[in-house]
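Novice: Can you keep this structure in mind? I'll have questions shortly.
The values are calculated or read from the model by the stated rules, or taken from the named source; none is laboratory data. These figures come from a predicted structure and were not determined experimentally. Heads up, the Cβs are rebuilt from the backbone with ideal geometry, glycines too, and the neighbour counts pull from every protein chain shown.
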Amino acid sequence: MQKERRYKLRQLTLLFTSLVTIAIFSSYSNSTKETFSLTVEVNGLRNAKGDVIFALYNREDAFPDEHFEKYLEKLIGKIANGSSFVVFKNLPEGKYAVSILHDEDGDGKIKKGIILPKEGIGFSNYQSIGLANIPSFKKASFIVNKDKCIIVKIIYL
């Protein structure tokens with residue numbers, strides 16, 4: 001009976017030790033996943049009023065996001081010499097898209113006329129927008145698998 005208890009105790013100890021070892025190594029491998037930075041730049045801003053909102057997306061169902069509610073991360077860039085930039089850090093490898101707003105009045109929203117924006121907007125991989133070229137995640141997206149720098153064109157309508 002005593003031997004049987006010792007045998008079961010050894011088995012439980014071995015099982016516990018194995019589980020702890022697995023937990024330590026799996027958390028170590030998860031914490032060492034490589035991450036990257038994404039620098040996003042915009043040039044040709046028409047004035048130095050306000051800031052530039054840079055929104056980063058990683059889901060097709062979140063882009064475009066007119067009200068800036070579904071972004072993965074949002075950064076505000078200051079304007080200097082008609083340009084602005086931000087750096088998104090610690091991004092895992094994946095597919096992303098960027099939208100920008102030259103928020104001239106500083107309210108955090110796209111100021112519109114009847115339909116069209118009065119402030120500058122832009123989307124990664126877009127040189128122009130219109131009825132035949134409506135922004136989509138599929139077209140705006142790009143792969144981040146290393147540190148990367150992109151330039152987004154500002155569009156004033």
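Novice: Could you grab me the full set of residues in segment 143-156 that are of a type in the set (Val, Ile, Thr) and surrounded by 13 or more Cβ atoms within 10 Å (Cβ to Cβ)? First the steps, then the outcome.
Specialist: Quick first cut of segment 143-156, residues of a type in the set (Val, Ile, Thr) only: 143-144, 150-152, 154-155.
Answer for segment 143-156, where residues must be of a type in the set (Val, Ile, Thr) and surrounded by 13 or more Cβ atoms within 10 Å (Cβ to Cβ): 144, 150, 151, 152, 154, 155.
Residues are listed down the side, and each one gets a yes or a no for (1) over 13 Å from the mean Cα position of the chain (by Cα); (2) at negative phi:
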site: 78; (1), (2): yes, yes
site: 81; (1), (2): yes, no
site: 91; (1), (2): no, yes
site: 105; (1), (2): yes, yes
site: 124; (1), (2): no, yes
site: 144; (1), (2): no, yes
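Novice: Let me ask something additional. What number of residues in segment 95-125 are more than 20 Å from residue 73 (Cβ to Cβ) and among the hydroxyl-bearing types (Ser, Thr, Tyr)?
Specialist: 0
Novice: With more than 17 Å from the chain's Cα centre (by Cα) and not assigned by TED's automatic domain parsing to the domain that holds residue 40 as the only criterion, which of 157, 116 stands out? Write out each step before concluding.
Specialist: Values: 116 fails: not assigned by TED's automatic domain parsing to the domain that holds residue 40.
Residue meeting the stated conditions: 157.
Novice: Applying the selection to segment 31-61, what residues are among the small types (Gly, Ala, Ser), within 17 Å of residue 144 (Cα to Cα) and crowded, with 17+ Cβ neighbours inside 10 Å?
Specialist: Filtering segment 31-61 for residues among the small types (Gly, Ala, Ser) gives 31, 37, 44, 48, 50, 55.
Now restrict to residues that are within 17 Å of residue 144 (Cα to Cα): 37, 55.
55, the sole residue that qualifies.
Novice: Still on this model: Among the listed residues 140, 80, identify the single one that is modelled with pLDDT of 95 or more, surrounded by fewer than 13 Cβ atoms within 10 Å (Cβ to Cβ), closer than 17 Å to residue 40 by Cβ and aliphatic (A, V, I, L, M). Steps first, please.
Specialist: Numbers: 140 fails: surrounded by fewer than 13 Cβ atoms within 10 Å (Cβ to Cβ).
None of the other options fit; the residue is 80.
Novice: Then there's this: Go through the residues of segment 89-99 one by one and say whether even a single one is in contact with a strand residue (DSSP E or B) (Cβ under 6 Å, 6 or more places away or on another chain) and acidic (Asp, Glu).
Specialist: No, because not a single residue in segment 89-99 is in contact with a strand residue (DSSP E or B) (Cβ under 6 Å, 6 or more places away or on another chain) and acidic (Asp, Glu).
Novice: Taking the conditions exactly as written (more than 24 Å from residue 35 (Cα to Cα) and either of a type in the set (Val, Ile, Thr) or crowded, with 16+ Cβ neighbours inside 10 Å (or both)), does residue 134 satisfy them or not? Reasoning before the result, please.
Specialist: Values: more than 24 Å from residue 35 (Cα to Cα): yes; either of a type in the set (Val, Ile, Thr) or crowded, with 16+ Cβ neighbours inside 10 Å (or both): yes.
Yes; evaluated as a whole, the condition is true for this residue.
Novice: Looking at segment 126-146, is at least one residue assigned to a loop (DSSP other than H, G, I, E, B) and under 22 Å from residue 50 (Cα atoms)?
Specialist: Of the residues in segment 126-146, the ones assigned to a loop (DSSP other than H, G, I, E, B) are 126-129, 131-132, 134-136, 141, 145-146.
Subset that is under 22 Å from residue 50 (Cα atoms): none.
No, there is no match, as no residue in segment 126-146 is assigned to a loop (DSSP other than H, G, I, E, B) and under 22 Å from residue 50 (Cα atoms).
Conditions (1) touching a His at 6+ places or on another chain (Cβ under 6 Å); (2) among the β-branched types (Val, Ile, Thr); (3) modelled with pLDDT of 95 or more; (4) farther than 18 Å from residue 63 by Cα, marked per residue:
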residue	(1), (2), (3), (4)
113	no, no, no, yes
130	no, no, no, no
133	no, no, no, no
148	no, no, yes, yes
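Novice: Name the single residue, out of those in segment 10-64 being over 23 Å from residue 123 (Cα atoms) and among the charged types (D, E, K, R), that is modelled with the highest pLDDT.
Specialist: 34
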